[in-house]
Amino acid sequence: MTATRRVGTLKYGTGISFNQAITQDVGVFTRLGWNDGKTESFAFAAIDRLASGGISVTGGRWKRPFDTAATALTVSGISGVHAAYLARGGLDFIIGDGALCYGPEYVSETYYSARLFPGLFATFDLQRIVNPAFNQDRGPVWAPSLRLHVELSKPRN
């Protein structure tokens, strides 16, 4: 990448996000994204196309109003020129091993965030990734995680 880098190039893209409360405890979201896929990027992910949707439910129904359970599906892809670059041995800032057999990446994710006590939350998250890094020769993989969230400001009731 550094051999072909040109200072001053522009990357074009667009995105749209829609969030809607269905009831007091249930919400849905969808996101769409696109970028030109031909200009080097340095961001959190090497994605040129994105469609995502999901649902979240707060724990009021099971007497845990500060908890949240959610699930989502994301389908992402890269442009033809980006895929060709990686298939020919190119390296992205985060993906590329010179053997790309392109396929869109599918990520299904489910998590539960529990308030342990005011100001401290623990979240268990499980992702299943099909065609990780857009490569049909890889995966699927399971990615579990555990996160802790601390609120140092005045806690919610």
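The values are calculated or read from the model by the stated rules, or taken from the named source; none is laboratory data. Small disclaimer: the values here were computed from a predicted structure and weren't measured. With ideal geometry, Cβ positions are generated from the backbone for all residues, glycine too; neighbour counts draw on all protein chains shown.
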With the checklist (1) in contact (Cβ under 8 Å) with a residue 12 or more places away in the chain; (2) part of a strand (DSSP E or B) in hand, flag the one item Leu116 doesn't pass.
-> (1)
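Output the number of residues of the stretch 134-157 satisfying the condition of being modelled with pLDDT under 90 and either within 18 Å of the chain's Cα centre (by Cα) or surrounded by 11 or more Cβ atoms within 10 Å (Cβ to Cβ) (or both). I'd like the intermediate steps shown before the answer.
Step one: filter the stretch 134-157 for residues modelled with pLDDT under 90, giving 138-139, 152-157.
From what is left, the residues that are either within 18 Å of the chain's Cα centre (by Cα) or surrounded by 11 or more Cβ atoms within 10 Å (Cβ to Cβ) (or both) are 138-139, 155.
Residues meeting the conditions: 3.
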Conditions: (1) aromatic (Phe, Trp, Tyr); (2) under 21 Å from Gly53 (Cβ atoms); (3) touching a Gly at 6+ places or on another chain (Cβ under 9 Å). Tyr102 meets all but one. Number of the miss?
-> (2)
Apart from one, (1) over 21 Å from Leu32 (Cα atoms); (2) part of a strand (DSSP E or B); (3) in contact with a Pro (Cβ under 9 Å, 6 or more places away or on another chain); (4) not polar (S, T, N, Q) all hold for Gly139; the odd one out is (2)
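Has the stretch 87-94 got any residue that is outside any strand (DSSP E or B), of a type in the set (A, V, I, L, M, F, W, C) and within 18 Å of the chain's Cα centre (by Cα)? Break it down into steps so the answer makes sense when it comes.
Of the stretch 87-94, the ones outside any strand (DSSP E or B) are 87-94.
Retained after the next criterion (residues that are of a type in the set (A, V, I, L, M, F, W, C)): 87, 91, 93-94.
Retained after the next criterion (residues that are within 18 Å of the chain's Cα centre (by Cα)): 93-94.
Checking the stretch 87-94: at least one residue is outside any strand (DSSP E or B), of a type in the set (A, V, I, L, M, F, W, C) and within 18 Å of the chain's Cα centre (by Cα).
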Counting only residues that are modelled with pLDDT under 90, give me the strands (runs of 3 or more DSSP E) lying completely in the stretch 7-71 with at least 1 of them.
-> 13-21, 26-35
